[in-house]
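The values are calculated or read from the model by the stated rules, or taken from the named source; none is laboratory data. Keep in mind that what you see is a predicted model, and the values were worked out from it rather than measured. Cβ: placed from backbone, ideal geometry, glycine included. Neighbour counts: every protein chain shown. The accessibility values were calculated without ligands, DNA or RNA, using every heavy atom of the protein model including side chains. Shrake-Rupley method; radii C 1.70, N 1.55, O 1.52, S 1.80 Å.
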Amino acid sequence: MGAIILLAVYQMIIPTPYPVGPVNVYLIKNDPITLIEVGPDTPQASKALEHMLELLGCRVEDIKRIVVTHSHPDHCGMAEQVARASGAVVHIHPLEESKIKGKEDFYKERMPFILETGIPEEVLKEVIGEKDQLPEPSLEDISIKLLSGGERISFDGGELRILHLPGHSPGHLCAYEPEQKLFFSGDFLLPHITPNPLMEPDHEKPGLRLPSLKQYLSGLEVLEKLEVNLVFPGHGGAFNDCGSAINVARQHHQEQFTRIIANLQGGERNAYQLCMAIYPGLQKFGISLGLSEIVAHLDYLVENGNINCSKQQGINYYCL
Ligand SMILES: [Zn+2]
Ligand SMILES: [Zn+2]
């Protein structure tokens, strides 16, 4: 019997200018040399990636594949630059690719949903006034391979199974390595925070949102069935106890449902009022994230018949 060859995985911690802190980029040194995530489009990240690859005996030009879990700039901003320098093929879900290619204006598509929350005009101005200083990720003139989940990507010595686990982002991909039972979770499962089920328009049903939280909770059920020894997250250190992290995420959403219902005891509220009651002190882009979190839970509670929603002068009001 020949020796078992395993995937050689190295974690590289790459700085980002975002409050979330650094992002993890994983190098798999087996042929074809692959990166999972690539980092933001900043000179600091580019320098850090180059330096760490060098320490691991690789060059940017050696990279053949880049798997990006989703289109957020901290994970994939540098994809175009690295793919151009190396000729690597960027692997991405079609929903994330179209977000990047469509040069999606974050607020334009979400504005009808944001206005429905009852956000006051002056606060809205403050929220949309804070623009990301980095350029939008771009995938111009590079090779792309679309992955929808269910594919296997092979290496000399192993394979990764691709899973489509939406909820944080509609085309979020994770990867599972069945031999060592490694799970590359992107932003789907993190050691210290629960990912935001972001407000996302449903392009197949114009005017409606995707059921982000429902998608996310179903994804946790999928993940629970996998045997996982080690989780390699998009942010923070690798961790063993995948089952506990799943429970922490579920617990968080349960507590959020309880908080919302408690806040509706006194009568009807809109999403903005609930957001401010639950997260006092939020500012600027933070308000947008807070609203996403609250709206995702409200959508879930409405769909399950736990609360009611009625529209009054363009604003959604929720009651028990
Ligand atoms: Zn993200
Ligand atoms: Zn992230």
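Summary of computed values
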read-out: Added length on full extension, which subtracts the Cα-Cα distance from 0.36 nm per residue, L320 to L226; value: 30.1 nm
read-out: With every protein chain in place, segment 215-268: carbon and sulfur % of accessible area (1.4 Å); value: 49 percent
read-out: Segment 63-158: translational diffusion in µm²/s, Stokes-Einstein, Kirkwood Rh over Cα pairs, 4 °C, 1.567 mPa s; value: 84 µm²/s
read-out: Highest-MSF residue in the chain out of I28, I153, I92 [GNM, Cα springs under 10 Å]; value: I153
read-out: Built amide H within the under 5 Å cut-off of F239, gap 5+; value: V231
read-out: Per-residue [θ]222 nm for the chain (sum of -39500 (n - 2.57) over DSSP H runs n ≥ 4, rounded to 500); value: -11000 deg cm²/dmol
read-out: Accessible area (Å², per residue) of segment 1-131, counting only protein heavy atoms and a probe of 1.4 Å; value: 46 Å²
read-out: Under the Debye formula (equal points on every Cα, no solvent term), log10 I(q)/I(0) of segment 141-230 at q = 0.18, 0.20 Å⁻¹; value: -0.87, -1.01
read-out: Per-selection metrics, the chain (Cα): Rg and Dmax in Å; value: 20.3, 72
read-out: E136/A85 FRET efficiency (R0 22 Å; Cβ-Cβ; nearest 0.05); value: 0.65
read-out: Translational D in µm²/s for segment 81-213 (Stokes-Einstein at 20 °C, 1.002 mPa s, Kirkwood Rh from C-alpha pairs); value: 124 µm²/s
read-out: Residue order for I278, I261, I5 - accessible surface, 1.4 angstrom probe, largest first; value: I5, I261, I278
read-out: Rg/Rh (Cα only; Kirkwood hydrodynamic radius) as it applies to segment 141-181; value: 1.03
read-out: Estimated FRET transfer efficiency (S244, Q312; beta-carbon r; R0 51 Å; 0.05); value: 0.75
read-out: Sulfur and carbon atoms: percent of accessible area, segment 138-207 [1.4 Å]; value: 44 percent
read-out: Residues of segment 184-320: accessible area per residue with a 1.4 Å probe, Å²; value: 47 Å²
read-out: Within a Gaussian network of the chain (alpha carbon springs, distance under 10 Å), most fluctuating of S143, S310, S292; value: S310
read-out: Charge dipole of the chain about the Cα centre (unit charges at C-beta), most positive-ward option of G234, M52, Q11; value: G234
read-out: Whole-number D in µm² s⁻¹ for segment 161-309, Kirkwood Cα-pair radius fed into Stokes-Einstein, 20 °C, 1.002 mPa s; value: 132 µm²/s
